[in-house]
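A.B. asks: Just dropping this structure here.
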Amino acid sequence: MLVGTNLTLTRGGRHLLDAVSFAIEPGRITTFVGVSGAGKTSLLRCVAGLYRDYSGELELNGRAIRDLTVDTESTSVGFVFQNFNLFPHLTVLDNCALPLNLIK
């Protein structure tokens, strides 16, 4: 289960998340919908461990995301950027596998 409680994120003097809370059951497909600048990508970056300077709690299966090791997090959380920027000389599979091969 992924649970966020009172997540608040401020970067560059801008409030990106303001006391956001949610719970996502395992096996569920969930979407975050909102206008541009609402904080959807910022929230996902917190979940993926790319932003760690948030306040509040963010837990994956009862463990704080901040406390997960790189190995545990990389096998539990995935992130696909909005701008693909795939390497044209690699296949789609090779592009997807590249980060996994880099952190072995």
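The values are calculated or read from the model by the stated rules, or taken from the named source; none is laboratory data. On a predicted model such as this, the values are computed, not experimentally measured, just so you know. Here Cβ is always computed from backbone atoms with ideal geometry, including for glycine, and neighbour counts include all displayed protein chains. Ligands, DNA and RNA are stripped out before the accessible areas are found, and what is left, the full protein with its side chains, is counted by its heavy atoms. Shrake-Rupley method; radii C 1.70, N 1.55, O 1.52, S 1.80 Å.
A.B. asks: So how far apart, in nm, are the two label points at H15 and V33 if each is 7 Å from Cα heading toward Cβ?
C.D. replies: 2.5
A.B. asks: In whole Hz and in residue order, list the ³J(HN,Hα) couplings for region 4-21 that follow from phi through the Karplus curve 6.51 cos²θ - 1.76 cosθ + 1.60, θ = phi - 60°; x for Gly and Pro.
C.D. replies: x, 10, 6, 6, 10, 9, 10, 9, x, x, 9, 7, 8, 10, 10, 6, 7, 10
A.B. asks: Report ³J(HN,Hα) in whole Hz for each residue of region 50-59, in order, from the Karplus equation J = 6.51 cos²θ - 1.76 cosθ + 1.60 where θ = phi - 60°; Gly and Pro get x.
C.D. replies: Taking θ as phi minus 60°, the curve returns 6, 10, 10, 9, 8, 10, x, 10, 9, 10 Hz for region 50-59.
A.B. asks: Could you calculate, for region 1-50, the ratio of the Cα radius of gyration to the Kirkwood radius, expressed as Rg to Rh?
C.D. replies: Answer for region 1-50: 0.96.
A.B. asks: With θ set to phi - 60°, apply the Karplus curve 6.51 cos²θ - 1.76 cosθ + 1.60 along region 37-48 and write out the HN-Hα couplings as whole Hz, x wherever there is a Gly or Pro.
C.D. replies: x, 6, x, 4, 5, 4, 4, 5, 5, 5, 4, 6
A.B. asks: Given the protein chains as shown and a 1.4 Å probe, how many square angstrom of S21 are accessible, to the nearest 10?
C.D. replies: Here the residue's solvent-accessible area equals roughly 70 Å².
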